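A quick write-up on the structure given underneath.
The values are calculated or read from the model by the stated rules, or taken from the named source; none is laboratory data. This structure is a prediction, so every number in the text was calculated from the model and none was measured. So basically every Cβ, Gly included, is an ideal-geometry build from the backbone, and we count neighbours across all protein chains shown.
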Amino acid sequence: MVGPCTMFGPLVDDSHTIGNNLQKILYDYGFNDYEVIICSVSGTLSPPRLFVEEIGEQDIVVLMSSYYDVWKKYETSYSNRLHCLESMAQIWHEIDRPVDHVLNMAEHCDYIVQRKIAEKIFDDLKGVLNKNGFTMGLRSRLQDYFISWDIICYYKKHFLQYGESRNGTVGAAVMNCNPFTKGHYYLIEQASKQVDYVYVFVVEEDKSEFTFQERFELVRKGTEGLENVKVIPSGEYVISSKTFEQYFQKDNVSEIKDMSYDIRIFGEVVAKEYGIKYRFVGEEPYDAVTAEYNETMKRILPQYGIDVIELARIKDKENDVISASKVRKYFRENNCDKLKGMLPISTYQWIEERSKTAFK
């Protein structure tokens, strides 16, 4: 049984929870082979919790949630093993003065409502229960990671604010651009030639020498001539301290940690909302953290139908590989000749006006 705090029974002792009531009913009717297992989490997190529970071949999953569209999604995945409680209204109609049986909201209900819910669940399930006994299949996790419903909702809103419904192929690049270089421009330009539309997600986390607003504006100005490119913020869960903290600690990393969670959020949530089928990245011969990130993308994103296209780094006229870290170095050294060879005009002009304390 998967659901919000109602499943846990915050106002009752263990003997009066939905689960214990249902277990008693099952025994009373001779369904002795069933064990009720409660998996209760915060309300909005309950549907995705299914993905990290161990579920066996003979298990029946009961989902209590306020998201009807989510139920139908999982009902398709679990077939007849998932039973969703589509309406609790009937229960409240059967109770005199419902307000006397809750604390501060309907979900926080007393033992009378808990018993009524258990009775309704049994009534819904009794047609599919097996009374003749069965051999329980081995339980296994559906997946090893958990993306909360809050993150899903976050990027639904993100798309409403920044996304566009487009026909044709859609690609994406996620960049910090600290600052925006000719190398960044080259990657975006190449992406714009290979797909019909490109989203450039600028890392929103403010843990770089340039602020997010500065970096965002440099990318926006630098790509103005590319008509099928749209520059947008990355949001809170794409290369952020919440999902990939090591990205901002590259100089002090002794052991590279798993960064698959960040990539799975992009594949399962962000790319789905934006219709992204290609992710463009630059090769990384120097930075071990980013190089590992690229390899992890190549391994994981195809699982979501996303091709990872890695492009070689470009060089300046003096055969020096262009990178943002080198730009920062040459800026500190006041090496204008090198900077001109590595920066778009818009970035170079902006840096000229910036104080020499910019990178401190």
Margin query: Condition check: touching a residue at least 24 places away in the same chain (Cβ under 8 Å) and more than 30 Å from the chain's Cα centre (by Cα). Does Y27 satisfy that?
Written below: no
Next item on the list: Among residues belonging to segment 311-331 that are out of contact with any Phe, Trp or Tyr (no Cβ under 8 Å at 6 or more places or on another chain), among the charged types (D, E, K, R) and not in a loop (DSSP other than H, G, I, E, B), point out the one that is farthest from I351 (Cα to Cα).
Entry: K315
Next item on the list: Please tell me if K193 is among the basic types (K, R), over 20 Å from E353 (Cβ atoms) and modelled with pLDDT of 95 or more.
Entry: yes
Next item on the list: Just need a number here: residues in segment 107-142 that are farther than 15 Å from K24 by Cβ, basic (K, R) and surrounded by 14 or more Cβ atoms within 10 Å (Cβ to Cβ).
Entry: 0
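One line per residue, one yes/no per condition, for (1) surrounded by 16 or more Cβ atoms within 10 Å (Cβ to Cβ); (2) more than 24 Å from E310 (Cβ to Cβ); (3) of a type in the set (A, V, I, L, M); (4) outside the structural domain of R313 (by TED's automatic domain parsing):
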{"site": "L187", "(1), (2), (3), (4)": "yes, no, yes, no"}
{"site": "K193", "(1), (2), (3), (4)": "no, no, no, no"}
{"site": "F201", "(1), (2), (3), (4)": "yes, no, no, no"}
{"site": "S208", "(1), (2), (3), (4)": "yes, no, no, no"}
{"site": "T211", "(1), (2), (3), (4)": "no, yes, no, no"}
{"site": "E214", "(1), (2), (3), (4)": "yes, yes, no, no"}
{"site": "E217", "(1), (2), (3), (4)": "yes, yes, no, no"}
{"site": "G222", "(1), (2), (3), (4)": "yes, no, no, no"}
{"site": "E227", "(1), (2), (3), (4)": "no, yes, no, no"}
Notebook entry, point to check: Of all residues in segment 155-188, which are among the aliphatic types (A, V, I, L, M) and farther than 30 Å from G341 by Cα?
Noted result: L160, V170
Note to self: I'm checking my understanding of the structure. Among residues of segment 340-350 that are surrounded by 13 or more Cβ atoms within 10 Å (Cβ to Cβ) and within 37 Å of the chain's Cα centre (by Cα), which one is farthest from N319 (Cα to Cα)?
What the structure shows: W350
Notebook entry, point to check: Looking only at helices (runs of 4 or more DSSP H) that fall completely inside segment 178-269, which ones have 1 or more residues that are in contact with a Gly (Cβ under 8 Å, 6 or more places away or on another chain)?
Noted result: 182-194
